[in-house]
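The values are calculated or read from the model by the stated rules, or taken from the named source; none is laboratory data. Keep in mind the model is a prediction, meaning the values are calculated, not measured. Note that each Cβ is placed from the backbone with ideal geometry, even for glycine, and that neighbours are counted across all protein chains shown. Heads up: the accessible areas ignore ligands, DNA and RNA and are worked out on the full protein's heavy atoms, side chains in. Shrake-Rupley method; radii C 1.70, N 1.55, O 1.52, S 1.80 Å.
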Amino acid sequence: MPTGLTRDAGWQIGVSRTLPHPPSVVWDFISGPEGLALWLGPDAALTPERGAPYRTAAGVTGEVRGYRPADRIRVTRGTTTLQVAMAPAADGARTTLRFHQEHLASAEDRERGRTHWQHVMDEVEAALDRP
């Protein structure tokens, strides 16, 4: 089976990075307005309960599939499922942030997704590093 293709979730992509910020800082950013705009879309707002719908300024719609504060947010995005998750590093001063998208249509969508999520991660890191 090709890399990125699974029996249950079809094509998928995951991008992770350990950021030099404590979990509380990363969570507050990623679940707040500026962070949501970066990974979900402009003017995105989420109600932190399963089944709650959302819509971005760009017209992207979906629903919340899971929301565990300080841990992960899982939403549908079109025909895909998107999860942003975080885990504290052993030292407690750093946090591993991960974007994972599954049910992609093809290997080409997976490669586009990899480029997109790497870019989003760069933007998140830059925003967190601003004084």
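Expressed as a fraction of 2.2 N^0.38 Å, the rule-of-thumb size for a compact globular protein of N residues, what is the C-alpha radius of gyration of the chain? Kindly include the intermediate steps, with their values, before the conclusion.
Working: Rg = 14.4 Å, N = 131, 2.2 N^0.38 = 14.0 Å.
That works out to 1.03 for the chain.
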Quick one: the Cα spread of the stretch 61-131 along its three principal axes, in angstroms, biggest first?
38, 25, 22
With the chain treated as a Gaussian network of Cα nodes joined by springs under 10 Å, which of S31, S106, S16 yields the largest mean-square fluctuation?
S106
Highest-first arrangement of 119-125, 65-71, where packing means the average Cβ count within 10 Å:
119-125, 65-71
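How high is the relative contact order of the chain, given as a whole-number percent (alpha carbon pairs under 8 Å, six or more residues apart)? Can you show the working numbers first?
Working: 244 pairs, mean separation 38.9, N = 131.
Here the relative contact order equals 30 percent.
Computing the accessible area with a 1.4 Å probe over protein heavy atoms, can you report the carbon and sulfur percentage for the chain? Write out the running numbers ahead of the final one.
On the way: 3500 of 7000 Å².
Accessible surface attributable to carbon and sulfur in the chain totals 50 percent.
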Rg in Å to one decimal, and Dmax rounded to a whole Å, for the stretch 29-104 via C-alpha atoms:
12.5, 40
In Å², rounded to a whole number, the accessible area per residue of the stretch 1-102 with probe 1.4 Å is 51 Å²
Dipole magnitude of the chain, debye to nearest 20 (Cβ charges: Lys/Arg +1, Asp/Glu -1, about Cα centre)
320 debye
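Given the rule -39500 (n - 2.57) for each run of at least 4 DSSP H residues, summed and divided by the residues of the chain, what is its mean residue ellipticity at 222 nm, to the nearest 500 deg cm²/dmol?
On the way: 3 runs with 38 residues, N = 131.
Theoretical 222 nm ellipticity from helices: -9000 deg cm²/dmol.
Please express the shape of the stretch 5-52 as an equivalent ellipsoid: the semi-axes are the square roots of 5 times the eigenvalues of the C-alpha gyration tensor, given largest first in whole angstrom. All intermediate terms of the calculation are to be shown ahead of the outcome.
Numbers: eigenvalues 107, 64, 24 Å².
Square roots of five times the eigenvalues give 23, 18, 11 Å.
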